[in-house]
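Please treat every number below as a calculation from the coordinates, not as lab data. Fair warning: this is a prediction, and the values are worked out from it, not measured in the lab. Using ideal geometry, Cβ is built from the backbone for each residue, glycine included, and neighbour counts are taken over all protein chains shown.
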There are 2 protein chains.
Amino acid sequence: MNDVNWSKKEKEAAREAFDKAYKREIESLVEEVRQKVANISEIDEVWQLHDFLSAKRHEIDGKYDYSYSALIFVFSQLLKEGWLTLDELQVLERDKLAKISALTRM
Amino acid sequence: MNDVNWSKKEKEAAREAFDKAYKREIESLVEEVRQKVANISEIDEVWQLHDFLSAKRHEIDGKYDYSYSALIFVFSQLLKEGWLTLDELQVLERDKLAKISALTRM
């Protein structure tokens with residue numbers, strides 16, 4: 001699926017949902033980091049925090065791929081992880097929603 | 001300079017001073033990280049924090065080299081940066097202290 005399958009309205013809604021999910025996930029990550037830092041008691045735990053952030057960055061960089069060929073998979077993943085709801089994607093065409101829904105059940 | 005130049009008493013004092021400096025620097029780093037996390041307002045700042053930790057880890061890993069051939073340089077660096085005081089190294093032999101002191105002025 002490439003970008004000719006996406007209407008202007010869908011593209012705008014997709015970008016908005018994508019950015020919203022990213023913002024939510026990062027805010028949650030910042031909160032998690034804040035708690036981890038607050039609970040550091042052993043000196044090597046600061047490097048555990050660094051390892052945690054390295055892993056999260058790798059995971060998040062890989063997951064948030066805004067290309068129209070990947071977006072159906074990206075959205076299904078974000079739904080599964082709770083960063084988006086199906087309601088927030090309602091503006092997408094019925095066939096795209098069906099694909100996304102089907103993928104979330106896999 | 002290798003380990004035959006270090007008496008048992010000097011080795012013990014050196015290890016203690018080295019560990020003390022490391023602990024101080026890490027505690028200061030944790031405090032700095034805590035402040036940075038508290039002040040995150042833009043979503044990309046969490047990756048700036050990760051970059052900061054990567055750089056610090058690289059710097060600290062490189063600096064804390066506990067080998068007797070490096071220790072004179074390591075201590076002079078730690079003195080320059082304020083993680084140790086000359087008083088805390090007084091148990092070392094006079095010639096080692098003189099070398100360390102001279103290096104701090106370079």
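Assorted remarks:
Residue by residue, here is whether (1) aliphatic (A, V, I, L, M); (2) more than 30 Å from residue A:55 (Cβ to Cβ) holds:
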| residue | (1), (2) |
| --- | --- |
| B:19 | no, no |
| B:39 | no, no |
| B:48 | no, no |
| B:52 | no, no |
| B:60 | yes, no |
| B:82 | no, yes |
| B:90 | no, yes |
| B:94 | no, yes |
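- Any pair with Cβ under 6 angstrom, 6 or more apart, that starts in the stretch B:84-96 at a residue that is surrounded by 11 or more Cβ atoms within 10 Å (Cβ to Cβ) and ends at one that is part of a helix (DSSP H, G or I) and among the acidic types (Asp, Glu): B:92/B:10
- Within the stretch B:50-74, residues that are under 19 Å from residue B:86 (Cβ atoms) have Cβ atoms under 6 Å from residues that are of a type in the set (D, E, K, R) in these pairs: B:72/B:99; B:74/B:65, counting only partners at least 6 apart in sequence or on another chain.
- Some residue of the stretch B:17-39 being among the aliphatic types (A, V, I, L, M) and more than 10 Å from chain A (Cβ to nearest Cβ): yes
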